[in-house]
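Since every read-out is calculated from the coordinates, none of them should be taken as a lab result. The model shown is predicted, which means the values in this text are computed figures rather than measured ones. Cβ: placed from backbone, ideal geometry, glycine included. Neighbour counts: every protein chain shown.
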Amino acid sequence: MNMHPHRNQVNVGTRHKRIDALGKVTGATIYASDFSLPGMLHGRILRSEHAHAEIVALDLSVAEAMPGVRAVVTAKTMAFHRYGNLVKDFQVFAEGRVSYIGQAIAAVAADTPEIAEAAMQAIRVEYRPLPAVFDPIVAMQPDAPVLHPDLLQYKASPLADRAGNRSGRTTITVGDVEAGFRQSYRVYEHRFRTPPIHAGYTEPRVAVAQWDAAGIGTVWCNTQLLFDTQAALAEIFGVNVTQIRVIVPAIGGGFGGKLRIGMEHYALALARVAKRPVRVFSTSHEELSAALFRYGSVIEVKTGVDREGRILAKQARAIIDTGACSGSGPLVASTATLILAGPYRIPNLLLEGLAIYTNNHPGGSMRAPSGPMPNFAIESQMDIIAADLGIDPLEFRLRNIIHEGDLSATGQVMTGVGLEECLLKAADAIGWDRKNPENNRGKGLAIGAWMTSRGSSGAYLKLSADGRFTLMVGVVELGTGALTGVAQILADELSVDVADISVVSADSHITPYDFGSQGSRTMATVANAARLAAANLLGKMRPLAAKALGVPEAELQMRGKGFVAGEKSISFAALAAQAQMSAGGLIAEGTYIADPIAYDASRVRNHFSPGWPSPSFHAHAVDLQVDPMSGEITIKDYVVAQDVGYAINPSNLEGQIEGGVVQGIGQAISEELVQVEGRVLNANLTDYKMPTIMDVPPIRVVLVEHPSATGPYGAKGVGEPSCIEPPAAIANAVASATGKRILDLPVTAEKIARA
Amino acid sequence: MNFQLHKAASLPDAIALSRRLAPDVRYIAGGTDLIIQLRRGVKSFGNLIDLSGLKSLRQIAETAEGYRIGALCTHKDIDLHSGLLRDYPALGQAARVVGGHQVRNAGTIGGNLANASPAADVAVALLGLDAVIVAAGEGGSRHIAIADFFTGPGQSLLAPGELIEAVLLPKPAPGESCCFLKAGRRKAMEIAVVSVALRLRLDNAGAIADIRIALGAVGPRPLRALGTEAMLLGRKPDAALIAKAAVAIQADCTPRSDVRASAEYRRELVGGMLLRALQHCLKAEIPHA
Amino acid sequence: MRKLSLTVNGERHDIDAEDSATLLDVLRLKLFLTGTKSNCLEAECGVCTVLIDGRAINSCITLAAQCEGADIRTIEGMTDGDKLHPLQQSFIECDAVQCGYCIPGMIMTAAGLLNEKPNPSFEEIQEGLCGTLCRCTGYTKIVQAVQHAAQDGRVRQ
């Protein structure tokens, strides 16, 4: 799609108010958790208390006999097929063996949530513990307990390179790292660790399910991926995809934590047995102990530099602890290799991403799933090296960053590279040149790059007899404002007001296929599909208008919500009415997917995302103070300069960046799921520390615009990347303030005080 | 969570209800701790006696001896009372960092004490202020010195059926100062990792004439740092003495490691926070020895 | 089960509810006022915030039976006919809304703050909203929205 601004650009580029705001500020918006059906039952899930154990006995009799209990479901109730997005290693219910705490063993549906809870507690499970492994480094050893003895028999993506406890291995090789290290003036080696993190959406995962007389199972839920959920459920229940209907009324946050099925399969299974609608709502404890977390990781980085501070070689590996099922792990580990490379020119690279099974709870894909962990490692190490070489961290980065036309680690030619501008603007805004004004005060920088994911989008567009357009799309409005951006674009393409565009979304039986609300792609890809639908619709409208006005099509101009030709005019409303009477109505579709990105296949093995469509670039700068007594961090100022390509709606982009930064600050200083032998010890919001409003300063955002070749109007994906750099930027600022370097996230007050 | 709620019409009514329903009964006021514990299944009671209708227990009265704070006064009530804030800054400082405003608007001072959490903010402040707890039971009311009140985690001297009616605070002596400090993992919505309440008065010669040091989250109950108090009493607080006190106080507590912090970190914090609290109460720079 | 008489948004409702029913349960399940949201149920996230006699509380840990005789106000009661409350208006104008799930609770928290402090400083706004978590916005635009609503006494007392 061309990047040139439309000639009739009225709404694009403005701070147009969100199309979904009114319902949200009045409480009128119905979210998935507000949805109910008559006769609806309430489900609860019995989850494993053991990290690895044989199930010796499972006694349902007391639960089944309880008044008000309508269904008790286990692996034996019906044929459930294994599922999983890359490797089919997930079971709906444990079959004879549990391999993580929180694994579902049975589910109960009852008249009330209280009865369901009591019935769940009345199920007796007898376990025989098995040897377990919780550290991915240990799990990689040949004598470690094997979690999936039949791993190679599972259906899986051909890129998921499996062996032992490994569900995926990706490598990037460029030049000769050993030669690069030999040429180096100094070589640095560090190991970093990052814990699992909860996505922190405020609406817990929920599903209401019902099967109809035709055998169609419908779920009203809060998934981010309508069609992935539909496909996964069809696979689990062994039915065609059109026998599963997925509807998202509205969703209270996702951040990647709601990409994959959460409660939907349990609700459908219970509804099938009970022959009643069933609602399953995740409790706070379940969320924080049995959700699809951001993966914990171990990151090893070895970097060689010359005397002038140019990076000559880097060898690094990201070891992703996927927990007992691989989930998104092979993809996350794979993409991590490109984060390990960083947005730097490095002639010699050997990068490895590993997805490793352990008996921890399986994780998933939180916002920029591969981003913060390797970025924390490499950007922390950049500052360690700069300090050792006596080079300013800003200068050290400027000497090594990529520029327009440089190759990425996979050999992609990078274009639209606004990195230097981001770095300089962020440094300028934070006052990088001014010395730290007080003791224990410090500034830190971190930079990075991220992609705009590919994937298909479809759009249906119709013109109604009131002159208003209805766009139907298969994505979910996560809250990013993506669909407001799409409506702004469509309004300009059709020369109408944003208020003339209605958007209907997220019903798998009505709206067209879409890859879903993920990967910073929603606005860009859906808008391109919608623009094609608009072009197609105009292609139908113009001949009808020309005929109605008795003029050649070439004389038609769009103006005043209609077509004008000299003195003659016809409104869109009149045209639609005429079309309904005589031409079958006005409806069109558009589909879009970004072109694949060329890369050098000889550099990579088993890479899931070697080419990055519309890469984005970002620089973060923070100014903070550390209390030397307690180690407590107070963030004084935080600046993000982000290359967004083109800002379709600056306000909504700022909102994405501000929110992502605060999630990143949480990961940097306070958030971690504390796991001991596979058990989360802080599975409540008292002890899982998401930032409150008191923990963060106002975030300052500088939008940098180096247009993408493919995004609408040059726009790049914006949703994910702002959470990538805060851990490194903050760790670097803490080191600057205190001289203390923390290599394990989060950088807590205690770690600083006791370092 | 399944119980019968009984609304008490008066204090004697509440006590009578409690006797009738014993032992499967508990009083509820703001419920900010109790409902969470009931829902988690940590506690279970068949009957709750609702005290929230006892409006007479939600008064703050200034008396000749000091203040009488009704047990149903909320954290917010304390934070909005200019007399209390003037006379006992530590109390406001503690009440202001309990949960969010929603919890401060509902949670009561009586509940904070009766819950007997080792990390309770207001309880620690009151311990430092030598509060007296007025407990009402079948035999009438009795006074319990707060230093005796807490007996263990979630445990106090309250007898079955007894409830807290009010808290008495002595009028501060002239020249007395106090403060409350709290360390947590965030800047709000925190259960204390360590809290310190300090009350201090110097004599005309500049020696410490009176001192109370109360500590939260470093033992099985809110603690008095009796050893450190004794060490400081009668001495002139110079930098060397304060540094010594910051070390000595580590022996006055028995912190444990948990998901919020390690015992070692808590020990270090207690010393640093005591130093800060002493500096705050002494206002002026500490003279070098 | 007990009979309760609750005054919600100025309207009296006579209902039957379990003794253990929370105000949140009653609002959402009996009165169908689903604008008040449900999440942690432990007074940590704030999405369930409503006003009781003008003060913000967590409806998830407040027993409905303890609210008889009180003036209960929910997000649905903030609009005056079609006219938005200044806080609602400014949350739209300042783009302080994203997924929106915390927003009813955030607006009610802010309303409680403005009842106490009609002209709060920046720091007072931050402190006043600390009991309600937002995971989307990073809070920057939320503070701006409350500042905007509080300016010039726009909020009715």
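In table form, for the structure just shown:
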read-out: The stretch B:145-257: antiparallel DSSP beta bridges as a percent of all, rounded to 5; value: 100
read-out: Point-to-point label distance, A:Leu424-B:Asp13, nm (Cα→Cβ direction, 7 Å offset); value: 7.7
read-out: Inter-chain shielding of A:202-213 (mean C-beta neighbours from other protein chains, 10 Å cut-off); value: 3
read-out: Contour minus Cα-Cα distance for B:Arg235 and B:Ala173 (0.36 nm per residue); value: 20.5 nm
read-out: Label zone at A:Ala65, where the point sits 7 Å out along the Cα-to-Cβ direction: the stretch A:118-143 residues whose backbone N lies under 17 Å; value: A:118-125
read-out: Nitroxide proxy distance, nm - points 7 Å out along Cα→Cβ at A:Asp466 and A:Val413; value: 5.0
read-out: Kyte-Doolittle mean at least 0.5, axial Cα span of 27 Å or more - DSSP H helices of chain A; value: A:522-549
read-out: Simple label model, 7 Å out from Cα along Cβ direction - A:Val504 to A:Gln557, nm; value: 3.5
read-out: Exceeding the 26 Å Cα-Cα cut-off - candidates A:Lys17/C:Lys30; A:Lys636/A:Lys740; A:Lys314/A:Lys740; A:Lys689/A:Lys751; A:Lys302/B:Lys187; value: A:Lys17/C:Lys30; A:Lys302/B:Lys187
read-out: C-alpha center-to-center spacing [the stretch B:1-56, the stretch B:74-103] in angstrom; value: 25
read-out: Extension gain, A:Leu130 back to A:Lys275 (0.36 nm per residue minus Cα-Cα distance, nm); value: 48.5 nm
read-out: Highest-first arrangement of A:98-109, A:477-488, B:21-32, where packing means the average Cβ count within 10 Å; value: A:477-488, A:98-109, B:21-32
read-out: In range of the label at A:Ala179: residues from the stretch A:341-385 whose backbone nitrogen is under 14 Å from the point 7 Å along Cα→Cβ; value: A:347-350
read-out: Per-residue average of Cβ from other chains inside 10 Å of A:244-257; value: 2
read-out: Residue among A:Pro437, A:Asn400, A:Gly474 farthest towards the positive dipole end of the stretch A:390-527, charges placed on Cβ; value: A:Pro437
read-out: Cα-centred dipole magnitude for the stretch A:1-120, charges only on beta-carbon of K, R (+1) and D, E (-1), debye, nearest 20; value: 920
read-out: B:Glu138/B:Lys43 FRET efficiency (R0 30 Å; Cβ-Cβ; nearest 0.05); value: 0.80
read-out: Relative contact order (%) - chain B, alpha-carbon pairs under 8 angstrom, separation at least six; value: 15
read-out: Binned Cα-Cα distance frequencies in the protein assembly as shown - 10 Å width, integer %; value: 2, 9, 17, 22, 21, 15, 8, 3, 1, 0, 0
read-out: Cβ-defined net charge surrounding C:Gly35, 12 Å radius [Lys, Arg +1; Asp, Glu -1]; value: +2
read-out: Calculated over the stretch C:46-97: convex hull of Cα atoms, volume per residue (Å³); value: 89
read-out: Shielding by partners, peptide C:44-52 (average Cβ within 10 angstrom, other chains); value: 5
read-out: Cβ-based net charge around B:Ser56, under 12 Å, with every Lys or Arg adding one and every Asp or Glu removing one; value: +2
read-out: Between 0 and 90°, nearest 10: helix C:103-116 axis offset from chain C longest Cα axis; value: 80
read-out: Overall form of the stretch A:1-149 per C-alpha gyration tensor (a/c, 1.5; a/b vs b/c); value: oblate
read-out: Relative contact order, percent, chain A [alpha-carbon distance under 8 Å, six or more residues apart]; value: 17
read-out: Segment A:Arg82-A:Val138, length gained on full extension (0.36 nm per residue, minus Cα span); value: 17.5 nm
read-out: Only Lys, Arg (+1) and Asp, Glu (-1) charged, at Cβ; the protein assembly as shown dipole about Cα centre in debye; value: 500
read-out: Helix runs (DSSP H) in chain B reaching 24 Å along axis by Cα, Kyte-Doolittle at least 0.0; value: B:263-282
read-out: FRET efficiency, 1/(1 + (r/R0)^6) with R0 60 Å, evaluated for A:Arg307 and C:Lys30 via beta carbons; value: 0.20
